[in-house]
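Written out below as structure tokens is the structure these notes cover.
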């Protein structure tokens with residue numbers, strides 16, 4: 001059903017469109033064939049507050065203009081004015097959009113959008129935590145009662161029934177492990193930054209935790225001296241490099257001794273990159289982005305331990321500080337290099 005509004009759009013669609021344009025910082029005027037303003041959105045009225053007669057005058061010039069306009073308080077600002085010609089036979093009204101190009105306004109809008117994104121992220125994290133936490137209790141109940149049944153009916157169970165019951169227990173254990181990984185993922189990147197993290201100390205702590213695994217694998221790990229301090233919390237720095245180094249050990253090549261090297265490079269005054277190179281089995285180029293997805297395993301179930309969450313957690317931590325985690329194949333396609341870019345202290 002259409003209405004008599006000047007855009008010939010249903011009221012609900014018009015309201016949705018205006019909300020989107022206002023959120024994007026775009027002012028809108030609708031001008032009829034006689035040069036009269038028949039509609040303006042809240043952004044145009046309350047924030048830009050430009051003299052409408054001046055805008056109507058611009059409607060007779062080029063379709064796109066970058067001009068200097070004045071707000072109602074007399075302040076001048078750079079603006080992009082775009083005139084959209086009518087596209088349907090139902091109306092010959094023209095639509096004009098005005099975008100503030102001034103840096104202060106753009107920064108304010110960016111800050112507002114960032115705050116909205118933060119709130120959405122926090123709500124998502126709370127949702128994941130609550131759901132994951134609540135799911136664990138029924139799983140424990142299933143496992144416990146299957147164990148009680150097996151113990152109570154021990155003399156009456158045949159091998160086939162025992163096998164089926166073991167499938168239930170194993171499935172519940174795997175789902176519980178996945179839920180715990182989901183909890184870890186939801187918490188990643190949420191620590192308050194109270195101080196900078198020392199990369200060297202974080203990696204030394206991780207190597208201490210992985211000491212037995214490194215020994216069992218017969219691996220050698222070399223760490224460059226004077227690794228940089230970064231603006232990442234100590235806990236999350238340890239979590240990040242624990243995942244990276246544990247992956248290097250897990251996905252080693254059985255045909256050669258594992259060698260891992262940790263180095264760093266200052267990119268500029270604000271950023272540093274820590275590279276963890278290994279000579280393991282590597283990742284095929286076509287699968288590189290997939291390994292950063294949650295619960296993404298490239299190998300058949302059971303070949304390697306884990307649920308495919310390690311690199312997803314690493315990337316989430318790095319990106320929460322504005323950084324990144326990228327992978328590239330090693331020289332001659334032997335192993336690979338995981339590069340972690342983080343803000344410098």
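Quick note: the coordinates plus some simple rules give every number you see, no bench work behind them. The structure presented is a predicted model; accordingly, all values stated were derived computationally and were not measured. Reconstructed Cβ throughout: ideal geometry from the backbone, glycine too, with neighbour counts over all protein chains shown.
So the values come out like this:
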item: Calculated FRET value between residue 52 and residue 177, using beta carbons and R₀ = 56 Å, to 0.05; result: 0.35
item: Span per principal axis, largest first, for the Cα atoms of the stretch 197-343 (Å); result: 41, 30, 29
item: More than 21 angstrom apart: percent of Cα pairs within the stretch 109-187; result: 49 percent
item: Ordering of 285-293, 119-127 by burial proxy (mean other Cβ atoms within 10 Å per residue, highest first); result: 285-293, 119-127
item: Sequence ranges 92-99, 51-58, ranked by mean other-Cβ count within 10 angstrom, highest first; result: 92-99, 51-58
item: Euclidean distance between Cα centres, the stretch 151-223 to the stretch 306-345, Å; result: 20 Å
item: Burial order of peptide ranges 238-244, 322-328, 198-204, 146-152 (average beta-carbon count within 10 Å, highest first); result: 238-244, 198-204, 322-328, 146-152
item: Approximate spin-label separation residue 287-residue 208, in nm, with each point projected 7 Å along Cα-to-Cβ; result: 3.5 nm
item: Residues residue 161 and residue 254, FRET efficiency given R0 of 35 Å [Cβ-Cβ distance, rounded to 0.05]; result: 0.40
